[in-house]
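Each remark here refers to the structure printed beneath this line.
Where a number appears in this text, it was derived from the coordinates with a stated rule and is not lab data. Predicted, not measured: the structure shown is a model, and the values here were computed from it. Neighbour counts are summed over all protein chains in view; Cβ atoms, including those assigned to glycine, are modelled from backbone coordinates with ideal geometry.
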Ligand SMILES: N[C@@H](CCC(=O)N[C@@H](CS)C(=O)NCC(=O)O)C(=O)O
């Protein structure tokens, strides 16, 4: 089994942290997004969309999408559980993870790609025809990121972790998004004391360095 990934990108980091929390080591292959290695035929034969991460199983099956890969590992290595243990906790973790993806991850990506000159004609990641940046999408992204930060602080006002009293995949995604938001010069607002307390705790876990 091999994980195709890139150390500098937020989605693969989610998987590295996920695996570190489970104490699982797997072989990794770096795909250099900076030099466009993800768009070369060799990688496109692994993932025709030209995106990382991709997990290649020993029988050659390729699984992409970060959530799908995390789910696969959760099934293989259930301990410690990171995606819930019963109907209620599974649903709450999934719900908050999706809020963080929509309001946070995709929004930071929109704000970043639609304001960064290097992506002026490559506003979508991976394999696409040239596509122009749209400034209004960046604006929408910044608005959603504000909503992400508000939601994060609200969740953490009632719980130690994003989805309850136990560290979960929702915290991993939250941590990766807070760090990704630096790319658009956004950080946890100073009045968000719950988020600041949480960030201190989760970014100090050994897995955060994975
Ligand atoms: N929904 C996909 C998103 C994957 C994605 O967008 N990956 C980015 C890195 S975080 C990428 O491969 N970018 C390539 C590019 O910019 O061309 C997932 O969660 O796996």
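Nearest 5 is fine: what % of DSSP beta bridges in region 3-135 come out antiparallel, could you say?
55
Write down the Å³ per residue value for the convex hull defined by the alpha carbon atoms of region 46-154.
122
Report relative contact order for the chain in percent, whole number only (criteria: Cα-Cα under 8 Å, sequence separation at least 6).
After rounding, I find 21 percent.
Mean residue ellipticity at 222 nm from the helices of the chain, using -39,500 (n - 2.57) per DSSP H segment of n ≥ 4 over the full residue count, to the nearest 500 deg cm²/dmol?
-14000 deg cm²/dmol
For region 110-198, how big is Rg over Rh, using alpha carbon atoms and the Kirkwood form of Rh?
Result: Rg/Rh = 1.07.
Could you line up 131, 177, 202 from fewest to most neighbouring Cβ atoms inside 10 Å?
Listed from fewest to most nearby Cβ atoms, that is 131, 202, 177.
With the Cα gyration tensor of region 71-110 in hand, convert its eigenvalues to equivalent ellipsoid semi-axes via √(5λ) and list them largest first in whole Å.
So the three semi-axes of region 71-110 are 23, 13, 6 Å.
When the chain is modelled as a GNM with alpha-carbon springs shorter than 10 Å, which of 140, 88, 13 fluctuates the most?
88
List 67, 1 from most exposed to least, where exposure is judged by having the fewest other Cβ atoms within 10 Å.
1, 67
Can you tell me the Rg and the Dmax, both Å, for the Cα atoms in region 1-109?
14.5, 44
Compare 138, 163, 68 in a GNM of the chain, Cα atoms joined below 10 Å, and give the one with the largest fluctuation.
It is 68.
Two decimals is fine: what's Rg over Rh for the chain, C-alpha atoms, Kirkwood radius as Rh?
Rg/Rh: 0.96.
Can you compute the FRET efficiency between residue 129 and residue 90 using 1/(1 + (r/R0)^6), with r the Cβ-Cβ distance and R0 = 41 Å? Round to the nearest 0.05.
It comes out at approximately 0.60.
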